[in-house]
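Scroll down for the structure; my scribbles are underneath it.
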Amino acid sequence: MAMGRGSATAVLVVFVLVVLSSEWADAATYTVGDRGGWTFNVAAWPRGKTFRAGDILVFNYASAAHNVVAVNKVGYQKCSTTPGNAKVYQTGKDRIRLAKGQNFFICSFPGHCQSGMKVAVTAT
């Protein structure tokens with residue numbers, strides 16, 4: 001018996017959802033800075049760790065004192081949150097899913113990024 005176009009589309013949609021959910025189910029969760037949390041001098045924290053697209057980074061910090069800003073490479077290098085290149089998180093318990101490739105994060109409170117409150121993570 002031949003499948004109709006609608007049935008074939010439904011099978012494809014289910015297949016894609018299963019693949020995506022299995023990738024997310026395999027996602028690891030990492031706390032940036034480990035026990036110390038999101039603070040100064042965490043740039044070396046990713047060394048020795050292997051990250052995959054879909055993994056989750058947890059940023060724990062005092063929201064009155066810090067934030068997390070996802071920026072591009074230039075924003076990371078210049079400690080800049082130029083409009084259009086940054087997404088700000090400020091709950092103190094932010095959970096951010098990694099995209100494939102390079103992911104850059106800084107604190108945009110005055111002087112914090114320049115004092116080492118930034119981290120770059122590459123996900124395969």
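Structure data summary
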{"quantity": "Flag if Lys118 is under 17 Å from Val42 (Cα atoms), among the charged types (D, E, K, R) and surrounded by 18 or more Cβ atoms within 10 Å (Cβ to Cβ)", "calculated": "yes"}
{"quantity": "Of all residues making up region 86-115, the number that are assigned to a loop (DSSP other than H, G, I, E, B) and out of contact with any strand residue (DSSP E or B) (no Cβ under 6 Å at 6 or more places or on another chain)", "calculated": "11"}
{"quantity": "Total residues in region 79-104, condition buried (at least 18 other Cβ atoms within 10 Å of the Cβ), of a type in the set (Val, Ile, Thr) and touching a helix residue (DSSP H, G or I) at 6+ places or on another chain (Cβ under 8 Å)", "calculated": "1"}
{"quantity": "Residues that are assigned to a loop (DSSP other than H, G, I, E, B) and charged (D, E, K, R), drawn from region 59-82", "calculated": "none"}
{"quantity": "Filtered residue count, region 42-54, keeping only those that are of a type in the set (S, T, N, Q) and surrounded by 13 or more Cβ atoms within 10 Å (Cβ to Cβ)", "calculated": "0"}
{"quantity": "Selection status of Cys107, touching a residue at least 12 places away in the same chain (Cβ under 8 Å) and either surrounded by fewer than 18 Cβ atoms within 10 Å (Cβ to Cβ) or closer than 17 Å to Trp45 by Cβ (or both)", "calculated": "yes"}
{"quantity": "Enumeration of residues in region 92-102 that are of a type outside the set (Asp, Glu) and within 18 Å of Phe40 (Cα to Cα)", "calculated": "Gly92, Lys93"}
{"quantity": "Qualifying residue in region 60-72 (condition: crowded, with 20+ Cβ neighbours inside 10 Å and in contact with a Leu (Cβ under 7 Å, 6 or more places away or on another chain))", "calculated": "no"}
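Every number here is computed from the coordinates shown, using simple stated rules; none is lab data. This is a predicted model, so every value here is computed, not measured. All Cβ positions, glycine included, derive from the backbone under ideal geometry; neighbour counts span all protein chains shown.
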